[in-house]
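Novice: Dumping the structure here so I can ask a few things about it.
Rule-based calculations on the coordinates, nothing more; no lab input. Being a predicted model, the structure only gives us computed values, none of them experimental. Methodologically, a virtual Cβ is constructed for each residue, glycine included, from the backbone with ideal geometry; neighbour enumeration extends over all protein chains shown.
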């Protein structure tokens, strides 16, 4: 009987050890998403003090995702846009550099992005401007990536409509 118990214990231990073999899961990438105003896949900080919540998830090899937004995320922001006087597009003004002091759209440690400067990164292309339904086009945006444990996410483009666009019949700036 003693041998049967020892054998059973060894078989149980072996089965517990072997269940982990060949099935290790690992972080494959990180994914940056946001909630808030979205117009056809373009995100927009709408209105004075408008906010977007950035969310960071780890994506495992198995497909499982785990939120890590509040775990030592570093955000990188690049200014993308046309320059004043660019004849190919209608730029109202150059987009302020993100690293100006203060930042025009700071991101807090929880991933909340807030429009604190009056900006309009959109142009109403409806002919003639200011009449009818607006047709919004980007003139610039902030490209945001997140870094977690040395892995960098895909970029997310965020426009800012926190100023009044004088060419808009509706008075706002960008899609809402």
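Novice: At 0.36 nm per residue, and after removing the present C-alpha to C-alpha distance, how many nm does the segment from residue 154 to residue 31 gain when stretched out fully?
Specialist: On the way: separation 123, 0.36 × 123 = 44.28 nm, distance 0.66 nm.
My answer for the length gained is 43.6 nm.
Novice: I would also like to ask the following. Efficiency by 1/(1 + (r/R0)^6): what FRET value for residue 135 and residue 110, r their Cβ-Cβ distance, R0 = 35 Å, to the nearest 0.05? Write out the running numbers ahead of the final one.
Specialist: Details: r = 35 Å, r/R0 = 0.99.
It comes out at approximately 0.50.
Novice: Once both labels are modelled 7 Å past Cα along the beta-carbon direction, what's the residue 76-residue 24 spacing in nm?
Specialist: 2.8 nm
Novice: In nanometres, what is the gap between the two model label sites at residue 117 and residue 48, each 7 Å from Cα along Cα-to-Cβ?
Specialist: It is 1.7 nm.
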